[in-house]
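These notes are about the structure you will find just below.
FYI, it's all coordinate maths here, none of it is from the lab. Quick caveat, the model's predicted, so the values are computed rather than measured. Backbone-built Cβ (ideal geometry, glycine too); neighbour counts: all protein chains shown.
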Amino acid sequence: MLIDETFEMVKHAFESGKPAHGYLITGPLRGLVMDLTIRILQYLFCESQSVKPCGICNGCRKVRERTQVDIEWIYPEKKSRVISIENIRENLLAKVSQSSMQGGWKAGVIVGADRLNTASSNAFLKTLEEPTDKTIFLLLTEAPQQLLPTIISRCQRIDLGEIRQLDEPWRGRMIETLSFDLYRTPIERLSMCNSLYSVLTDLKKHVEELVKNEEQENDKIEEHKDVFDAKVSARYREFRGDFTLVLLRWFRDIFVLCSGGENALLYNQGYTKILKERAANLDLSQAIYNLKAIEELSVQMNERNMPEESTLAYAIDRIQHGVR
């Protein structure tokens, strides 16, 4: 598997005494990226005297539960979705500048590293260039292009390819809405928007429950609402990215058919008949326009954090759905 080979590469670097100061791990944060991150950290903090990481010792457990005192986890703050310079200085840099509590490695994990702003990026960069002894940084991101080039150049980059897909039942609900054939009038398109927006609403509730359950399992109930909201926002942003990906793949399939592509190229194979009917009612320029509209929607919702309902309604109304 990709993750096994990648982990062995990183492990070999540590065993040979030549690890990178920082590793930039890119991909969907709740998939292989987080799996690899936990595995690397467990290797560093494992208490086993034989095979590392063992996955069952106290050190491995603390990594898994995010309670290892020599690891600082940094997340985007509040609803602004920014990692501030105060967070970097007062939490991350303050932690790694001190001696290890257990006499071993110290690690800083920046979840959503693309949310570093200019000030926090520059503050972190100084430490990344000259870290203290036995200190490692793991930067996790889905958007590496948004990091400072100087940060990227000082990290070893690990790209974890992974086919992303919105979980069920939400993806099924979206596809059912998109495949419905009554979207000719403004009222009908508004109904479509309401159906899709209800998926986002339910996803937000689902994420809140996920975060609550994780904290309860780890006996770590967050007292500060701002921190809890930041965790929910970071997790929800991943789900929302998958939400817009469903839209993009649907209209990408229509574009493929409009441009003469084969059925085998379609992502939504189970809806080939409907997709062909939609494509038959659109010309290539309309199919391209639809893709641009969805790409703009993705930027507005996932990067600019614009109001979801009105942004979604505007996109749905301007798109040519291919329904006659």
Exercise. Hey, what angle do you get for helix 118-129 against the long axis of the chain, alpha-carbon based, 0 to 90 degrees rounded to 10?
Worked result: 40
Problem set entry | Kirkwood hydrodynamic radius of region 81-153, Cα pairs, Å | 12.5
For this session: Using just the helices of the chain, give the 222 nm mean residue ellipticity in deg cm²/dmol: DSSP H runs with n ≥ 4 each add -39,500 (n - 2.57), and the total is spread over all residues, rounded to 500.
Result: -16500 deg cm²/dmol
Exercise. Tilt of helix 34-45 relative to the longest C-alpha principal axis of the chain, in degrees (0 to 90, nearest 10)?
Worked result: 10
For this session: Using amide H atoms built 1.01 Å from N in the peptide plane, name the residues 5+ places from residue 22, or on other chains, whose amide H lies under 5 Å from its own.
Result: 137, 156
Problem set entry | More than 23 angstrom apart: percent of Cα pairs within region 170-318 | 42
Exercise. What value does region 236-291 have for Rg/Rh, both radii from Cα atoms and Rh as Kirkwood defines it?
Worked result: 1.02
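Could you compute the FRET efficiency for residue 185 and residue 159, with r as their C-beta to C-beta distance and R0 at 51 Å, rounded to 0.05? Numbers along the way, then the final one.
Details: r = 45 Å, r/R0 = 0.88.
It comes to 0.70.
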For this session: Please report, in Å, the Rg and the Dmax of the chain, where both are computed over Cα atoms only.
Result: 22.4, 70
Exercise. Simple spin-label model, 7 Å along Cα-to-Cβ: residue 3 to residue 133 in nm?
Worked result: 3.4
For this session: Identify all lysines with a Cα-Cα distance to residue 212 below 18 Å; exclude those on the same chain that are fewer than 8 residues away in sequence.
Result: 78, 79, 204, 220, 225, 231
Problem set entry | Antiparallel bridge percentage (DSSP; both residues within the chain; nearest 5) | 5
For this session: Give, rounded to the nearest 20 debye, the magnitude of the charge dipole that region 2-159 has about its Cα centre when Lys and Arg contribute +1 at Cβ and Asp and Glu contribute -1 at Cβ.
Result: 300
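Counting only C-alpha contacts under 8 Å and six or more residues apart, can you give the relative contact order of region 218-310 as a whole percent?
On the way: 56 pairs, mean separation 26.5, N = 93.
Reported as a whole number, the value is 28 percent.
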For this session: Out of all DSSP beta bridges with both ends in region 2-159, state the antiparallel percent to the nearest 5.
Result: 5
Seminar exercise, completed: Helix 186-217: inclination vs the chain longest Cα principal axis, degrees, rounded to 10, gives 20
Problem set entry | Spin-label pair residue 146/residue 56, simplified geometry with 7 Å Cα→Cβ offset, distance in nm | 4.1
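What fraction of the Cα pairs in region 252-324, stated in percent, has a spacing above 13 angstrom?
On the way: 1703 of 2628 pairs.
Pairs farther apart than 13 Å: 65 percent.
Using only the Cα atoms, work out Rg/Rh for region 2-159, with Rh taken as the Kirkwood radius, to two decimals. Walk me through the numbers before you get to the answer.
Details: Rg = 14.7 Å, Rh = 15.7 Å.
Checking Rg against Rh, the ratio lands at 0.94.
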Exercise. Hey, can you rank 227-235, 251-259, 166-174, 121-129 by average C-beta count inside 10 Å, highest first?
Worked result: 251-259, 227-235, 121-129, 166-174
